[in-house]
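Undergrad: Quick one: the structure is below, and I'll ask about it shortly.
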Amino acid sequence: MNDKTTEAEHIRILADLSEIEDIKVLERAQSLLSDARSIGCIAALEEHNHNVQYLTDPIREKYIDFLDLAPSDDVLEIGSSMGQHTRKIAKRCRSVNALEVVEFQAKFSKLWCSQDGLHNVHVTAGGASGRLPYDDDAFDVVVSNYVLEWCAGRSQDDPDEFHQAVLKEIRRVLRPGGRLFLSTKNRFAFKYLLGAEDEHLGIRFGSALPRLIQRRVAAKADLGHPTGYLHSWRELRKHLRSAGFADLRPLFAFPDARYPLFMGRPCDFSTSSFFSSKPVKLGRRDRILAKLPDGLRLALSNSIIFLAKKEPTL
Ligand SMILES: C[S@@+](CC[C@H](N)C(=O)[O-])C[C@H]1O[C@@H](n2cnc3c(N)ncnc32)[C@H](O)[C@@H]1O
């Protein structure tokens with residue numbers, strides 16, 4: 001990206017990044033970055049009306065409490081986007097390495113952290129290949145919040161194999177006993193089963209369809225390689241185990257892990273106390289989801305979250 005890079009946004013740039021090809025999008029990104037340097041990151045996001053709520057809503061940071069961070073922890077955040085959570089994680093640990101596939105976002109992350117006075121953040125632009133550019137046993141914690149579902153979209157590899165390779169990479173860079181927080185979307189989310197369009201495939205029912213039918217429908221509609229790929233709880237648990245993770249603990253997020261009004265152990269969610277304590281407006285599907293029996297509610301939840309540990313030996 002041909003723009004003026006300052007020391008405050010100095011990052012490592014790898015070859016496997018995702019170029020912004022649309023010239024208008026690139027110009028907007030450069031203008032946002034340039035304003036962020038002069039008026040500050042938050043003011044620039046507001047000025048450009050750039051995903052302000054998504055990037056600043058504190059409800060989106062709820063998951064950070066579940067990382068159980070200690071001041072001695074070295075953390076890897078995969079898919080750090082604009083650094084909205086990097087800056088929050090960095091305040092609670094020794095160091096954060098943030099990996100973001102879009103260069104402009106990686107630069108913005110670093111700038112935002114620098115403006116917050118954080119000097120323990122190292123940002124790398126890249127990651128499209130699924131390889132993690134870090135040494136073995138480098139981190140105590142790896143965080144991947146709403147990234148896995150998109151990360152195979154830039155590769156022509158089979159998404160299941162790509163995800164398995166990414167999980168093995170995460171295991172490689174974790175220290176023995178190191179922790180993983182992984183949240184993603186559920187292919188059997190209630191909304192997809194009821195026929196909502198799945199933005200990862202561009203078709204109704206999308207990821208909830210049997211894989212063979214998904215591929216046939218996508219091929220017929222000439223949709224190309226899917227931009228996203230989702231798993232069920234069972235599938236992701238299997239992937240994690242075969243990549244060498246143990247002590248898998250599911251977390252339930254409601255209505256989803258992006259804007260969670262509840263996040264915690266599945267057994268701690270109670271429909272009656274949720275609705276009596278939170279006067280919230282929910283869509284019809286989410287209201288029904290909340291009232292399903294416990295096991296079904298988890299199986300059909302919008303998000304899947306696992307806490308897991310690196311098994312010391314495979
Ligand atoms: C939906 S956003 C989530 C951002 C952030 N983790 C959060 O919770 O707000 C996904 C981010 O992951 C990035 N991403 C996707 N695939 C990636 C990959 N293979 N390596 C690194 N970053 C990736 C995207 O560019 C995007 O910024």
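The numbers here are math on the coordinates, done by the rules we state, and not lab data. All of these numbers come straight from a predicted model, not from anything done at the bench. In this analysis, Cβ positions are derived from the backbone assuming ideal geometry, glycine residues included, and neighbour counts consider all displayed protein chains.
Undergrad: Where Lys and Arg each count +1 and Asp and Glu each count -1, what net charge lies around residue 172 among other residues with Cβ under 12 Å from its Cβ?
TA: Its environment carries a net charge of +1.
Undergrad: Kirkwood hydrodynamic radius for the range 98-177: how many Å is it when counted over pairs of different Cα atoms?
TA: For the range 98-177, the Kirkwood estimate is 13.7 Å.
Undergrad: Considering only the other residues whose Cβ falls under 13 Å of the Cβ of residue 39, what net charge follows from Lys and Arg at +1 and Asp and Glu at -1?
TA: -2
Undergrad: Where does each of 183-193, 275-285, 13-23, 253-263 land if you order them by average Cβ count within 10 Å, highest first?
TA: 183-193, 253-263, 13-23, 275-285
Undergrad: Beyond 18 Å between alpha-carbons counts as too far, so tell me which of 62/110; 191/220; 62/309; 168/238; 62/88 fall in that bin.
TA: 62/110; 191/220; 62/309
Undergrad: When every alpha-carbon pair in the chain is counted, what percent end up more than 30 Å apart?
TA: Value for the chain: 35 percent of Cα pairs lie more than 30 Å apart.
Undergrad: Tally Lys and Arg at +1 and Asp and Glu at -1 over the other residues with C-beta under 13 Å from the C-beta of residue 121: what net charge comes out?
TA: With Lys, Arg at +1 and Asp, Glu at -1, the net is +3.
Undergrad: Separate question: Charges only on Cβ, +1 for Lys and Arg, -1 for Asp and Glu: so what's the dipole of the range 59-118 about the Cα centre, in debye to the nearest 20?
TA: So the dipole magnitude of the range 59-118 works out to roughly 200 debye.
Undergrad: Only helical DSSP H runs with n ≥ 4 go in: add -39500 (n - 2.57) per run for the chain, normalise by residue count and round the 222 nm mean residue ellipticity to 500 deg cm²/dmol.
TA: -10000 deg cm²/dmol
Undergrad: May I pose another question? Cα centroid distance between the range 238-301 and the range 178-203, in Å?
TA: Each part's Cα centre sits 13 Å from the other's.
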